[in-house]
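The values are calculated or read from the model by the stated rules, or taken from the named source; none is laboratory data. Owing to the predicted nature of the structure, the values given are computational and were not obtained by experimental measurement. Heads up, the Cβs are rebuilt from the backbone with ideal geometry, glycines too, and the neighbour counts pull from every protein chain shown. For the accessible areas, the whole protein counts, side chains as well, though only heavy atoms, and no ligand, DNA or RNA atoms are used. Shrake-Rupley method; radii C 1.70, N 1.55, O 1.52, S 1.80 Å.
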Amino acid sequence: MLFTDPIFLFYFLPGTLLTMRLLTHNSVGRAFPGAARIAVFLLTCFFYGFREPWWLIPFLLCIVFDFFWASRIHSEQRPEWRRFWLVMSVSQNLFLLGIFKYRAFFLDNLAALGWAPSLPGVLIEMKPLALPAGISFYTFESLSFVIDVYRREIAPPRSASEFFGFIGMFPRFIAGPIVRYRDMVAQFARFRGMQIEAGIFLFIYGLFIKIVFGDNFEVFTQYAFGRETVTFWSAWVGAASYTFHIYFDFSGYSLMAIGLGRALGFQFPTNFNRPYLAVSAQDFWRRWHISLSSWLRDYLYVSLGGNRKGKLRTYINLFLTMLLGGLWHGAAWHFALWGAFHGAWLAFERRFPFRAHLSSRVNWALTFGIVVVGWVLFRAESVTECGQVLRAMLWPTQFGFNPEGLVTHPISAAACALGLAHCFWFERRYEALVIEKMVTVTAARVWTALAMLGSALVLGFSERTIPFIYFQF
């Protein structure tokens with residue numbers, strides 16, 4: 001079920017808010033009620049399994065076993081057994097990701113090397129498995145819970161329903177933000193009450209960003225991708241369009257999730273902080289998909305040794321962290337290249353801190369240009385298409401450009417122009433809504449929300465529906 005589905009907007013969401021309001025009535029300042037935790041979990045199962053009920057199987061296996069591993073780790077005093085239970089959790093989650101996400105990629109590459117016939121026939125003949133939506137997100141959240149218990153930073157709850165209520169929270173379930181148990185346990189212990197008006201305002205704002213800005217930028221990405229020939233100008237127009245498409249699509253979803261969480265009474269961390277104003281690689285990853293980048297830093301980069309083992313090892317750790325982060329996004333070589341590209345960029349900037357001698361505007365232009373080039377690796381369907389588009393952008397032989405799309409899609413062109421203005425100028429006015437956690441619903445914001453909702457519904461229901469990009473991860 002998508003946040004943009006009429007079933008979600010007009011049936012599931014109102015029913016959920018009413019249910020939670022009845023269950024949490026008079027609970028402000030006290031612990032989040034157990035009945036409400038169970039209700040959230042059951043509603044999430046319905047939300048997640050509405051169209052594909054079998055998706056619940058790997059999800060339930062993941063969280064049930066991880067709660068068991070965490071409980072064993074917490075009660076065990078012998079270091080070797082604590083490490084054993086941690087390895088079991090890591091292996092279990094990697095196994096789930098491997099079976100559903102990386103199996104075909106692994107076998108295809110073995111076949112390309114001529115090694116596939118030596119594998120057991122059952123592995124070769126198995127049909128490709130459909131990827132359960134959000135499996136990369138809930139496995140990361142569940143795994144971080146187990147690792148934090150292993151590090152003795154948290155203790156597992158006595159009741160499994162508390163852990164299930166944390167993992168099974170539909171607003172952020174499929175595409176984040178990636179939330180950690182230690183950040184939520186205090187909110188469960190002292191429930192602040194539902195903030196329906198403020199939460200719905202943020203949800204509508206995110207819906208508007210996704211449909212009005214994100215979906216209309218997608219119209220012009222076709223200039224660069226899925227074509228037999230690509231010229232210099234069409235490559236740059238298409239790559240730049242995808243740059244803003246993925247930003248508005250994912251930041252819109254994140255804002256919708258944060259808004260829904262607030263409507264239920266919970267504060268989720270912000271996931272974006274105006275990333276296209278970044279002036280360096282490190283600055284960009286502090287602003288883009290913040291919950292993922294912080295997860296990779298705390299659980300992968302630090303585990304590899306971070307910057308504690310010398311400069312060379314630091315550069316290698318940065319590169320490996322981003323390479324694996326790229327593969328987390330998808331089982332394809334172009335995702336690996338995207339991660340390696342960012343890892344090399346981070347390591348290069350740390351090794352050669354030349355940016356300190358450049359102006360902020362030059363640093364911004366360099367950073368933004370590198371980000372756009374990187375998104376080509378992310379968006380292309382294959383390494384071959386990556387090479388085709390990048391050659392057209394950086395070593396052009398043709399410069400023609402057909403502006404027909406600007407004429408045939410005037411509404412999309414106008415929406416993109418507004419999106420650019422929003423990204424670089426107007427967005428700062430809304431930072432307080434999420435980053436500073438201050439939302440006051442005034443009459444002006446009510447009318448603004450109604451206008452945004454109306455325009456989003458008109459465009460969303462009159463045009464083709466474009467799924468959220470990060471739902472495929």
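A few remarks follow.
- If you go through the range 332-349 and keep only what is open to solvent by 20 Å² or more (accessible area, probe 1.4 Å) and touching a Ser or Thr at 6+ places or on another chain (Cβ under 7 Å), you end up with just GLU349.
- Residue within the range 282-291 that is of a type in the set (S, T, N, Q), in a helix (DSSP H, G or I) and open to solvent by 80 Å² or more (accessible area, probe 1.4 Å) present: yes
- Taken over the range 41-86, residues that are farther than 21 Å from PRO132 by Cβ, among the hydrophobic types (A, V, I, L, M, F, W, C) and either open to solvent by less than 80 Å² (accessible area, probe 1.4 Å) or in contact (Cβ under 8 Å) with a residue 40 or more places away in the chain (or both) amount to 4.
- Identity of the residue in the range 221-233, open to solvent by 10 Å² or more (accessible area, probe 1.4 Å) and part of a helix (DSSP H, G or I), that ends up nearest to TYR205 (Cα to Cα): GLN222
- Look at the range 383-411: where a residue is more than 15 Å from GLN222 (Cα to Cα) and a partner is open to solvent by 100 Å² or more (accessible area, probe 1.4 Å) and at pLDDT 90 or above, sitting 6+ places away or on another chain with Cβ atoms under 7 Å, you get VAL383/TRP333.
- Once the range 148-164 is narrowed to residues that are part of a helix (DSSP H, G or I) and open to solvent by less than 20 Å² (accessible area, probe 1.4 Å), the residue that is farthest from TRP85 (Cα to Cα) is PHE163.
- In the range 8-28 there is at least one residue that is touching a residue at least 40 places away in the same chain (Cβ under 8 Å), open to solvent by less than 40 Å² (accessible area, probe 1.4 Å) and either acidic (Asp, Glu) or not in a helix (DSSP H, G or I) (or both).
- Count of residues meeting criterion [among the aromatic types (Phe, Trp, Tyr) and buried (at least 19 other Cβ atoms within 10 Å of the Cβ)] in the range 366-384: 2
- With respect to the conditions (1) open to solvent by less than 40 Å² (accessible area, probe 1.4 Å); (2) in contact (Cβ under 8 Å) with a residue 24 or more places away in the chain; (3) touching a Lys or Arg at 6+ places or on another chain (Cβ under 9 Å), ASN317 lacks only one, and its number is (2).
- Taken over the range 1-57, the criterion of being among the charged types (D, E, K, R) and touching a Pro at 6+ places or on another chain (Cβ under 8 Å) is satisfied by GLU52 alone.
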